[in-house]
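Below: one structure, written as structure tokens.
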Amino acid sequence: MSTVQSIERAFALLKVLSGGPAGVTDLADRVGLPKSTVSRLLSTLEELGVVEQPAAGGVYRIGAGMIELAAAASPGRSLISTARPHLIELNRRTGEASGISIPDGFDMFYLDQVTPNAELQVRDWTGTRIPMHAVPSGQALLALDDALLDQYLAAPLQRFTQHTLTSATALRKRITEVRRAGYAWAMEEYAEGMNSVAAALRTQDGRVVAALHVYGPASRFPGERDAHEIGEMVKATAAKIKFD
């Protein structure tokens, strides 16, 4: 295999993984390559830190090295390293997964995640893009930009579950609640069986460019815990994260 061909194939794999984690078989099908070839390429990319496999034999995802490279091209390049200690602390305090995401057009792109060591796990959303209205991270950002909200509502709202907000009236009502509270909760609105809460992140000069979120199985999150207290915790943690 030539060097150029290897690079082209590696980029094809990275392009697929930019849409979310995937296994070797799925990747091979989507890029039209033999599984053996895909496995060799992934092994090399993993050694370089460009992709990672959180669990042996499991799916691959975009690695920290690639995320840092991508982040270096934007003003928020320090976000991942700055936020990571706070994600770990939120994970410890809530026992649930914590993460950060940034807006990408009308989607939220999930940059990083800290997953709890629990028997019942949520999936790793790193590298996934999700429409803003369907997740609290997107709602938290829509609540702080009237022009963006108006532009967003110019198009139909896609339904993902029976709980997804799919009307402009419902989303505007939610946005009013988010503005009042300073955080957003979404109960099974993007994925069945998953609840999440988010608050906006600001740069040192006050620009809102990202969101901090915590999510877990609906069977236990928030469970018997006070949803308002958890929301306030996420909001307070977000306020501590300052980056360039």
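Here are some notes:
- Against the conditions (1) of a type in the set (Val, Ile, Thr); (2) over 17 Å from ARG123 (Cβ atoms); (3) modelled with pLDDT of 85 or more, VAL51 satisfies every one except (2).
- Residues of the stretch 25-48 that are within 22 Å of the chain's Cα centre (by Cα) and either at pLDDT below 85 or surrounded by fewer than 17 Cβ atoms within 10 Å (Cβ to Cβ) (or both): ASP26, GLU46.
- Qualifying positions in the stretch 41-65 - within 14 Å of PRO21 (Cβ to Cβ), assigned to a helix (DSSP H, G or I) and of a type in the set (Asp, Glu): GLU46
- Meets criteria (more than 29 Å from THR115 (Cβ to Cβ), assigned by TED's automatic domain parsing to the domain that holds ASP124 and polar (S, T, N, Q)) for THR166: yes
- Every residue from the stretch 135-158 that is touching a helix residue (DSSP H, G or I) at 6+ places or on another chain (Cβ under 9 Å), over 13 Å from PHE106 (Cβ atoms) and free of Cβ contacts under 8 Å to residues at least 24 places away in the same chain: none
- In the set (1) modelled with pLDDT of 70 or more; (2) in contact with a helix residue (DSSP H, G or I) (Cβ under 8 Å, 6 or more places away or on another chain), the condition left unmet by ALA71 is number (1).
- Among the residues making up the stretch 215-244, a single one is exposed (fewer than 13 other Cβ atoms within 10 Å of the Cβ), modelled with pLDDT of 95 or more and under 22 Å from LEU79 (Cβ atoms): ALA236.
- Considering the stretch 106-184, there are no qualifying helices (runs of 4 or more DSSP H) wholly inside with 1 or more residues that are closer than 24 Å to GLY95 by Cβ and modelled with pLDDT under 95.
- Hits in the stretch 49-63 - residues which are of a type outside the set (Lys, Arg) and either touching a residue at least 24 places away in the same chain (Cβ under 8 Å) or surrounded by 14 or more Cβ atoms within 10 Å (Cβ to Cβ) (or both): GLY49, VAL50, VAL51, GLU52, GLN53, PRO54, GLY58, VAL59, TYR60, ILE62, GLY63
- Total residues in the stretch 185-214, condition at pLDDT 95 or above, assigned to a strand (DSSP E or B) and hydroxyl-bearing (Ser, Thr, Tyr): 1
The values are calculated or read from the model by the stated rules, or taken from the named source; none is laboratory data. For clarity, every value in this text was computed on a predicted model and none was experimentally measured. Virtual Cβ from ideal backbone geometry, glycine too; neighbours counted across all protein chains shown.
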